[in-house]
There are 2 protein chains.
Amino acid sequence: MSEYRHDPVYDHWVIIAPNREGRPEEFIEAGWQRIAWNCPFCVGHEEDTPPELARYSLDGQTSWQVRVVPNKYPAVTSTCGWPPEVKTAHSTLPGYGVHEVIIESPHHTTSLCELPLAALALVLRAYRDRLRAVRQRQDLAYGIVFKNVGAAAGASLEHIHSQVLATVVVPPPIAGRWTHWKTLFCQTGQTALSRWLDEELQSGQRLVGVTSHFAAVCPFASRMPMELRLAPLTPEPYFEAVCDARLEELAQLLSDVLLRLEVAVPNVAYNLIVHTAPLGSGPHDYCHWYIEILPRLTRAAGFEWGTGCFINPVKPEEAARRLRDALPPSRTRKL
Amino acid sequence: MSEYRHDPVYDHWVIIAPNREGRPEEFIEAGWQRIAWNCPFCVGHEEDTPPELARYSLDGQTSWQVRVVPNKYPAVTSTCGWPPEVKTAHSTLPGYGVHEVIIESPHHTTSLCELPLAALALVLRAYRDRLRAVRQRQDLAYGIVFKNVGAAAGASLEHIHSQVLATVVVPPPIAGRWTHWKTLFCQTGQTALSRWLDEELQSGQRLVGVTSHFAAVCPFASRMPMELRLAPLTPEPYFEAVCDARLEELAQLLSDVLLRLEVAVPNVAYNLIVHTAPLGSGPHDYCHWYIEILPRLTRAAGFEWGTGCFINPVKPEEAARRLRDALPPSRTRKL
């Protein structure tokens with residue numbers, strides 16, 4: 001069983017999850033070669049995953065396009081007792097929470113860009129619906145959807161998939177961020193994301209794509225080369241509240257941006273993270289959901305791990321230019 | 001020229017350092033093979049580095065054992081104007097600071113464990129003296145010494161070396177940590193490190209080594225497998241204040257612990273970080289210097305990058321046991 005542990009020196013929480021040591025690993029360190037393997041996420045291998053929690057099909061089809069299953073090697077689970085009965089000497093909590101896998105295609109696809117837009121919109125619907133489900137449970141404090149693409153980004157299987165993770169503790173960097181957002185909102189009446197987006201749209205230098213309701217930008221203070229932030233143009237706290245039509249528009253922008261990234265950096269490894277408002281009661285008007293894409297082109301070293309401050313060797317203006325130039329302007333982009 | 005940039009959404013600072021894109025890279029991604037190369041850190045190649053800032057020799061020898069040089073590809077420099085004359089619209093500061101390299105052996109050595117203890121003590125003296133030098137300057141806010149060993153840990157050259165980096169901004173995670181420490185110190189009269197160490201020494205489960213004045217422990221809430229923290233048993237804010245005799249004792253413990261790590265995990269890549277009190281005037285009685293060693297056995301993925309919360313698949317008790325069992329109990333260890 002896993003557990004949350006609090007460090008009194010760093011004032012941080014970690015999840016100690018020894019059960020994850022045995023999970024399958026498709027990649028080996030030398031050269032990231034792929035080991036031949038029966039992929040458990042491919043159609044026909046449904047028995048290789050724990051029982052399905054949800055499935056999605058394309059209009060007019062009966063076969064599945066997207067499946068949601070519990071993570072076979074969960075970092076946290078809902079099967080351990082909660083709330084804990086006994087307090088231990090150290091700051092420890094049982095590893096209570098949700099850890100699911102979203103299988104994003106029945107075929108052995110390795111890039112979201114290979115999906116038709118309707119299929120990508122289904123993937124985003126699965127993200128939304130799973131975050132909705134964890135919000136409804138009332139016993140969780142924090143939820144996130146994230147995606148690891150490529151071994152360098154921490155993926156252990158290459159078949160496209162994402163993960164839903166919801167915990168009973170709010171990671172302190174996130175709690176600190178929310179406090180900062182609340183302060184800014186009280187002072188200005190605007191969300192931190194809105195203020196930032198206004199500046200980015202006015203400057204345009206780091207803009208990669210924009211649609212009627214969303215923008216994709218390489219942030220001014222990007223931690224990593226080619227880092228991207230996608231957010232709605234008007235403040236919306238909950239990714240869970242986005243309607244189907246908007247998800248289709250978002251799929252269009254996301255697909256365009258990811259294709260630019262893959263053209264600009266062939267075989268790019270990256271993490272994609274969907275950030276939404278705190279679980280639990282609001283108001284959350286200081287929040288503004290967003291998606292971040294973190295290409296893993298540099299290796300965090302001692303300075304980054306020691307300080308949390310990043311040294312980024314590529315100017316975000318240059319990163320945005322490379323992404324804009326990677327493909328002809330798309331119909332979704334109105335610069 | 002590099003610059004500091006503040007992100008209003010994350011409330012973090014990054015260093016944008018385009019000049020670092022051109023630095024030499026000994027490793028290639030496929031298999032971390034080493035590219036044949038004239039190592040600029042080897043004896044006889046002194047001309048390949050910027051002019052020396054300091055050198056250290058072993059007793060009775062005239063040749064150098066440790067050299068300190070400016071980083072040829074600095075993330076920050078002292079040659080740009082400071083304080084800045086013009087405020088820009090965005091939160092930007094010139095990349096003012098110090099970035100030095102400590103070359104830790106004249107020979108092409110790849111592990112600190114290969115050094116005789118007297119040579120390792122010289123390395124620690126160089127760390128101390130360089131931190132002293134940045135503290136004396138009065139125009140810097142934060143200083144750190146760190147070391148990247150192995151390509152997976154972000155090293156670009158394998159010849160053992162460390163880096164000194166000092167900045168005009170305090171990275172917010174560090175500032176937050178100091179605030180947390182101050183609060184704890186006001187409440188308890190103890191440093192956070194002391195309180196933590198007391199618990200660790202009492203439990204003994206995660207203890208790897210201890211000498212008269214120092215202990216090495218796998219912290220209860222380790223972020224990474226085999227993570228280690230070395231600290232003085234009694235609170236001392238400044239690594240810069242450690243006397244030569246104590247550095248020799250520390251060298252003994254560090255060498256023992258690193259050898260255990262290298263035996264337990266052959267070819268381990270790791271980061272080593274020396275944390276000291278804030279630069280600038282004190283009191284810093286809430287601070288307690290320490291060294292952290294972060295083996296890079298797992299890859300941080302979307303969850304870690306998205307939240308700052310780590311999923312660690314190896315229990316720190318188990319990690320400490322593996323390290324203790326890697327070698328016979330050393331004379332330095334009194335369990």
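Here are a few things to note about the model shown:
- Rolling a 1.4 Å probe over the protein chains gives B:THR109 an accessible area of about 10 Å².
- Position B:ALA245, label points 7 Å along Cα→Cβ, spacing to each other copy in nm (shortest first, one decimal): 8.0
- Computed with a 1.4 Å probe on the full set of protein chains, the accessible area for A:ILE174 sits at about 0 Å².
- Computed over region B:248-303: relative contact order in percent, which uses C-alpha pairs under 8 Å that are six or more apart: 33
- Take the Cα of B:GLN187, go 7 Å toward its beta carbon, and none of the backbone nitrogen atoms of region A:140-165 fall under 19 Å from that spot.
- Long-range lysine pairs (8 or more apart or interchain), the protein assembly as shown, Cα under 23 Å: 8
- A/B buried area, accessible surface, summed, 1.4 Å probe, Å²: 6900
- 7 Å along Cα→Cβ, label-point gaps from A:PRO83 to other copies, nm, shortest first: 4.8
- Inter-chain shielding of A:152-162 (mean C-beta neighbours from other protein chains, 10 Å cut-off): 2
- In order along region A:263-276, the Karplus-derived 3J(HN,Hα) couplings, from 6.51 cos²θ - 1.76 cosθ + 1.60 at θ = phi - 60°, round to 6, 5, 10, x, 6, 5, 9, 7, 10, 10, 9, 9, 9, 10 Hz, and Gly and Pro are given as x.
- For A:ALA54, distant residues with modelled amide H under 5 Å away: A:VAL68
- Of the GluC sites (Glu not before Pro) in region A:75-146, those whose Cβ has at most 12 other Cβ within 10 Å and which sit in DSSP loop: A:GLU85
- Per-residue shielding of B:218-225, expressed as the average number of other chain Cβ atoms within 10 Å of the residue Cβ, stands at 6.
- For the segment A:311-320, counting C-beta atoms of other chains within 10 Å of every residue's C-beta and taking the mean gives 5.
- Stretching A:ALA245 away from A:GLN202 to a fully extended chain increases their span by 12.8 nm, per 0.36 nm per residue minus the current alpha-carbon distance.
The values are calculated or read from the model by the stated rules, or taken from the named source; none is laboratory data. Predicted, not measured: the structure shown is a model, and the values here were computed from it. Neighbour counts run over all protein chains shown; Cβ positions are idealised from the backbone, glycine included. These area figures cover heavy atoms from the full protein model, side chains too; ligands, DNA and RNA do not enter into them. Shrake-Rupley method; radii C 1.70, N 1.55, O 1.52, S 1.80 Å.
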